[in-house]
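Everything on this sheet refers to the single structure shown next.
The values are calculated or read from the model by the stated rules, or taken from the named source; none is laboratory data. Only a predicted model underlies this, so the values are computations on that prediction, with no experimental measurement involved. No Cβ is skipped: glycine too gets one built from the backbone with ideal geometry, and neighbour counts run over all protein chains shown.
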């Protein structure tokens, strides 16, 4: 690990909690603040989110479908908050809700939240009516995302206290719409209840810190990438690594690949990893049959290893058990199927967890929703994916970015999660199919907005 490993333990994530853990957190908060105070805080947050969606309060027509529990209480507080600002609000008891609701600008779904355990059928709405779900769309199992009846399709879901698994995985995830979050001070991300989380833009603040005594070997990265058939793969890895703060990138290609690296990189012969390197990236553009070529060097690497693309083969991943340092593997859905013999499916969190525990690697399952899991079962979810990243070579850039993050001292779970979020945010700045070669500049631009101060060691 790099010299900053202890200092950079991982991102300060938005908590991602199970129903049981959320109830425990609610109970702790209730014991100190009281139920009424928590409901007022939640209802006020819902009201503010409704105003944001409407663009105004005065004259807006709003229906609140309120259930019998705390979720309904949040909705009733929101109704009062909106009325106080000039909105016309009807509170409709969930048990008495009609088959259809018409004539409203916004419907606030506060029928059933965390504890929903029976089927719920949402009222039909006119196409122009937007829906704000309080904590969860009603009729959803919070842990699995299973649909209980016919839940509404929300335009926005406001997660209260913590994000729930149904927001990010399972069949209900497509009903959530835009996921927004109100912490309400209920859950401390450092609490022992929190082992899983969702990465947020704030986690990028200072992710690349520069010290006055930095030098080229401090964050050096070894890359095995590129071949005559795929000479550009090495250049894309290098671009991601340099944008992510690698101080030197040493590249070994499969053969005499030409034009494979940027001028800033150092071309080296394939062989054992230099002990001064802080991380290794292996796989992009190497072609088939890399296990025998790479295996012994990666097992003996003096630092963490990232496997991507052509290095994602079962025989090579199995060598992790003989390595002294952590490995990260970065499959997309097709590569996951090839490695573990089963599809990722709807439960992306469960798929990543299972693969991490089975392989002993940190597993990053790429996609519009990226999930990272480590062998201990901890999970980070990244929602920053964009269609601009659905282009050849973007994964090569990501592997270089992860390698740079490892070289700068982030632990493997944090390195993978932060890099995936940064990669997604950079992709969002580019037109669809703009080309992976433009990602490096976009990554640099995002990092400039989150630059940390100059440090002294």
Inset, instruction - Test residue 65 against the stated conditions and say whether it is part of a strand (DSSP E or B), modelled with pLDDT of 95 or more and touching a strand residue (DSSP E or B) at 6+ places or on another chain (Cβ under 8 Å). - result: yes
Inset, instruction - Being without any contact (Cβ under 8 Å) to a residue 24 or more places away in the chain and within 20 Å of residue 37 (Cα to Cα) is the filter here, so list the residues in the stretch 73-103 that pass it. - result: 83, 84
Legend entry - Residues being at negative phi and exposed (fewer than 13 other Cβ atoms within 10 Å of the Cβ) - total across the stretch 36-55: 2
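Table: residues versus (1) surrounded by 16 or more Cβ atoms within 10 Å (Cβ to Cβ); (2) closer than 21 Å to residue 74 by Cα; (3) free of Cβ contacts under 8 Å to residues at least 60 places away in the same chain; (4) assigned by TED's automatic domain parsing to the domain that holds residue 373.
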| position | (1), (2), (3), (4) |
| --- | --- |
| 134 | yes, yes, no, no |
| 137 | yes, yes, yes, no |
| 144 | yes, no, no, no |
| 148 | yes, no, yes, no |
| 152 | yes, yes, yes, no |
| 161 | yes, yes, no, no |
| 169 | yes, no, no, no |
| 175 | yes, yes, yes, no |
| 194 | yes, no, no, no |
Legend entry - Among the candidates 124, 70, 114, residue that is touching a residue at least 12 places away in the same chain (Cβ under 8 Å) and farther than 17 Å from residue 161 by Cβ: 124
Legend entry - Matching option when the condition is out of contact with any strand residue (DSSP E or B) (no Cβ under 7 Å at 6 or more places or on another chain) and within 22 Å of residue 22 (Cα to Cα), among 244, 206, 185: 185
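Checking the condition more than 16 Å from residue 306 (Cα to Cα), modelled with pLDDT under 90 and part of a helix (DSSP H, G or I), which residue from 441, 434 passes? Walk me through how you get there before you give the answer.
Details: 434 fails: part of a helix (DSSP H, G or I).
On inspection, the qualifying residue turns out to be 441.
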